[in-house]
Structures are given as C-alpha cells and as structure tokens.
C-alpha cells in the first residue's frame, strides 16, 4: 500500500487508512506486506507504485486524487507504468454533472492513465480507478474505507480462520501447553498476548489457519491440554 | 523511517511511532521524507534501511530489537551495510547486569553491527545503537518516544518558524488575501485548514518559513491585508 501525503509526513494528520486496510485485508486472508508513506512528488510515488506493482499481487494507493494542483497520484501511477494520461469519457460525464460551471476545476479528475478501468464503489457514485493491479483510492478516510470495502470481495480468495482462547493464567503457566500444541500442529499460527490489569483475563491466545478443519482440530486439542479452570472464554 | 513489525501489517496494532516522529521532527525543522512499514524479515528490512541510509541524511528504525527469535532488526541493519554482528562489550555488561541468570535470553541483544556506536538515551539506562546514519530504536511507544526525544538535539540544525492565524471568515472570503500575500512572499509555506462546526473559528492559517524575519514580515503583511473583524486570534 502506498500512502501519498505531505500532511502525514509532516505530522499534521495521522494516517488511519493503512490501519483500516491492514485489518480488513487480514480478515479476508490477504497478507499486507508493505506500507510506504511518500510525499506529494511524482518520482517517489511512481517509484514506490512501480515497486509494489511488480513485487506483490496487487497494490493500493491512498490520497492525492482531488482536484488541486498537488493531487498527482494518477499522473504518478501513469509514470510508473509508462502510460500517458487520457480523459476517460465516463468520468468526464460524471464530473461535468457534478462540477457544472466550475468544470475547469474538476476536469483534472477525469484524466486517468491510458488503459485504466473503473470499478463500482458500493453506494458511492464516483468509481474506483484501477490500472493493471493498482487500485487508486482517495485519502479521506470515510471514502477510502467505503471504496476499499466495496473492493474486498475480489481479494477474498483464501481467508484465515480464527479462534481465540482467553486464560486466567499467565504465559509462564501455559507456555508448556502452547508448545505441545505446536508440536502436534506445527502449521498453526499461534499468538499469545498478555494483558496487564484486566480483571477478566490475563492472556489472549489467537489461533489462525487457512485450513478450517486443521484449525478446529488444533483448537479442540489445545482446549483439552489446558487445565479447565484457566480457560475464561473462547471465541 | 523504517517501521518493522508484522503486528502492524496484520492490523493487530496501529503504529503510533511514525506519527510521533513526524511531529517531533517537524518541530525542529527536519522534513520526514518517507515512512516504510516492513515485515519481520531480513531482506525487506535490509533493503529498506539501505535505501533510506543512502538517500536521506539519516534514518530511524522502530521495532524488532527485543530478545526473541523474531527480533532481527540489528541483523538486518548489519546486512544493509555489509557488516557482521559482534558483541558490544558495554552492552554485554549492561545486559548481564539486567538479565542475570536468564542471560542466554538477553545475549542476543548485546550483538550489534560492527562499527556501531552507543548514544545516551536521556534517563533511560539502555543506550540507542547507531550505525553510520541509522538510529535503531525499539517499537514500544513509550521507549521509542523517550529515545527519539533524547536524540532530537543532534538533528535540530535548521528549524521552521511558525505562526498561525484563526479567522471567523471562510476560505472563499479570505482566498484573495492569501493569494496577495503569496505574491509578495512566494517562499512562505501557507496552509489553510477549514474547520466545520467549531464556534470559535472557521479557518486556521499556518505560516511557516525557515527564515524567521521573512516569516515575521509575511505574518504582519497578511494581518494588515485581512479585515480586522475576521481575525479571531493569532499564535
């Protein structure tokens, strides 16, 4: 994911889009492998987009798609793929409708890299521009979140299955059971998150696998290993 | 800045260290040019550290410096510079003192890339490791913040001077004055941040320059241009 924005690098705004994307992608089994925050400058954006597009299955950008002079993400994505910018007729029609007499302000937004396609964006009128394996999203969190949510379906090919166990015993007490579980289920992703000062539980264990039946077996096995009295609840 | 951590890429934790660093560096006039979040894997960390170290004046890393098997940032920084890991005698002494009988757990933390130096970290006992222009900081926010704060003095060579003007008029009303100010002071960094629903003001203007007297002149000039009744307060 490439986050475009001087306002983030200068600390005026905290980026929340990458955190949202990380959580939502994780839920559907997609491993986010990289986030880069770059300034509103052509070459840093283009270099990072080119790197992500060739290294990973797909890339998202966030920010730099408005009507003002410093919104250059579309131009940078075009540069990354060696394409020119062209007016997209469907975007032009929508923008003429929206901007009306202020059309000269909006017309920059009708220009997309040659070969770009438009994706429906749920209940948002304005579609999401895609070039090859790069999806170009806006920086405003509410719109970013709606647009990404509308795209998630196409990425959800191989979701993680997840269980959680909350224990009243600390990590020292349960470590031996965790290790025994991992010996029998070496492919289980087992996370252990101690919590300080919570009256309800002391450790949250997360069990994850892309194989649902493997996860169920590992989950039941660990529950049998753990002393009954330390298990507060399961999810 | 290179943020190391699977827990951030998987959305389990929101990174706050890059936001803290962006704000603190900005205050002392340092422009943060890039943030990359990478997984706990040698090559992605090493590649990104190498890129930042050769491209920018200095680089920070955050995370991956604890005693467990997945803490590999020091090894990755060594790889980025083609150095080997060596035990640092001063670190070894401190770690022996701290870990006592659990010394085998901590000894990994005494290994640093050959040629690394130690920097005092304010009132923290454990110093900050530096190799060339790379400063290696931990991921735990409280410790990251203390360590970075202790280092800031050495980066503060060329601070920005900042003024703010809060107006009761909207952007449409004041745009003409802002443009006239920029014609006379083209090097001024002028930001305009509308606020919705605040009874106190409608727009916050920020004026920034590395030249203090230039900033003072631009600030007074803009105050003279603006109708007196629209200026709510200044900073």
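Read-outs: derived from the displayed coordinates by stated rules, not from any lab. Since this is a predicted model, take the numbers as computed values, not measurements. In this analysis, Cβ positions are derived from the backbone assuming ideal geometry, glycine residues included, and neighbour counts consider all displayed protein chains.
Tabulated results
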quantity: Fewest-first ranking of B:168, A:209, A:62, using other Cβ atoms within 10 Å as the exposure measure; calculated: B:168, A:209, A:62
quantity: Alpha-carbon centroid distance for the pair the range B:154-195 / the range B:1-77, whole angstrom; calculated: 31
quantity: Rg and Dmax of the range B:161-234, Cα atoms only, in Å; calculated: 11.5, 35
quantity: Average other protein chain Cβ within 10 Å of Cβ, residues B:19-25; calculated: 4
quantity: C-alpha long axis of helix A:171-184 to longest principal axis of chain A, angle in °; calculated: 80
quantity: Residue order, fewest to most surrounding Cβ atoms within 10 angstrom, among A:37, B:77; calculated: A:37, B:77
quantity: Burial ordering of A:187, B:71, fewest other beta-carbon atoms within 10 Å first; calculated: A:187, B:71
quantity: Cα shape, the range B:102-151, gyration tensor, a/c 1.5 rule; calculated: oblate
quantity: Average other protein chain Cβ within 10 Å of Cβ, residues B:35-43; calculated: 4
quantity: Shielding by partners - mean other protein chain Cβ count within 10 Å, residues of A:5-13; calculated: 6
quantity: Three-way shape label, the range B:1-78, alpha-carbon gyration tensor, a/c 1.5; calculated: oblate
quantity: Scattering curve values for the protein assembly as shown, log₁₀ I(q)/I(0), Debye with Cα scatterers, q = 0.07, 0.11, 0.12 Å⁻¹; calculated: -0.47, -1.08, -1.22
quantity: Global form of the range A:2-155, assessed from the alpha-carbon gyration tensor, a/c cut-off 1.5; calculated: rounded
quantity: 7 Å along Cα→Cβ, label-point gaps from residue B:225 to other copies, nm, shortest first; calculated: 6.9
